[in-house]
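**Student:** Take a look at the following structure, please.
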Amino acid sequence: MREELDFSTMGITDDFMFGTVFQDLGLCRGLEFICAHDPFGRGWKRYDYLRLCEQDGEPLGDGTSIVFVNAEGTRGDFGDGFDAFMSYLRDDNVIGSDFVRSVDDAVCGFRDDPGWRRFRMLWSEKYRNEFADAFDEGKAKGKAEGKAEGIAEGRAEGFSRAATLMSRLMADGRERELEEATRDPGRMERLLEEYGLS
């Protein structure tokens, strides 16, 4: 069975198929992620995760899995072709493999294609702008929420201080000063200071 990788974002069409070669490398058994760095930090050249039923742990049984290929991996033996491909991903070494040479030829072709470079730059710019807009939106929302929260906390604290002052003034028989303080903010502040509530 010949599998085809989806390279549509690079503009690669069906005449550029890696399926058989990837099968020879032990890939194309499901979903593959090719990672420049170790995604799990355990040093394997590849990590295979089988698809299981979440409810009872029963495997799907179709032979597919999710594969993470780790260009930095040192554990596991998957053959010379696989190692050559990993070396290419890691160090741009084009050695010992027709497959790696064909991948490098394709990559160089895309790098030299002004139309593809323009597409990638526009795509990158689009995401950079969307990220910046999302960041600004999140920052503004955070400020607004923080301000609202600060106002609410300030009101609650002010009410608590005023209630405590009122109780103490009444306990000390100074109700008249409380009435004056409600009309004069300066007087209120002096009484709060006097009672250690400022």
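The values are calculated or read from the model by the stated rules, or taken from the named source; none is laboratory data. For clarity, every value in this text was computed on a predicted model and none was experimentally measured. Don't worry about glycine lacking a Cβ; one is built from the backbone with ideal geometry, like all the others, and counts go over all protein chains shown.
**Student:** Can you pull out the residues in segment 68-94 that are more than 16 Å from residue 36 (Cα to Cα), in a loop (DSSP other than H, G, I, E, B) and charged (D, E, K, R)?
**Tutor:** Across segment 68-94, the qualifying residue is only 77.
**Student:** Just to be sure before I move on: is residue 97 in contact with a helix residue (DSSP H, G or I) (Cβ under 9 Å, 6 or more places away or on another chain) and closer than 16 Å to residue 36 by Cα in the structure I sent?
**Tutor:** no
**Student:** Would you tally the residues in segment 146-198 being basic (Lys, Arg) and surrounded by 12 or more Cβ atoms within 10 Å (Cβ to Cβ)?
**Tutor:** 5
**Student:** Show the residue pairs meeting these rules: Cβ distance below 9 Å; 6+ apart or different chains; first residue within segment 79-92 and in the same structural domain as residue 37 (by TED's automatic domain parsing) and among the small types (Gly, Ala, Ser); second residue crowded, with 20+ Cβ neighbours inside 10 Å and in a helix (DSSP H, G or I).
**Tutor:** 81/100; 84/100; 87/100
**Student:** Still on this model: Can you give me the number of residues within segment 83-98 that are surrounded by 14 or more Cβ atoms within 10 Å (Cβ to Cβ) and either at pLDDT 80 or above or under 27 Å from the mean Cα position of the chain (by Cα) (or both)?
**Tutor:** Residues that pass the stated criteria total 8.
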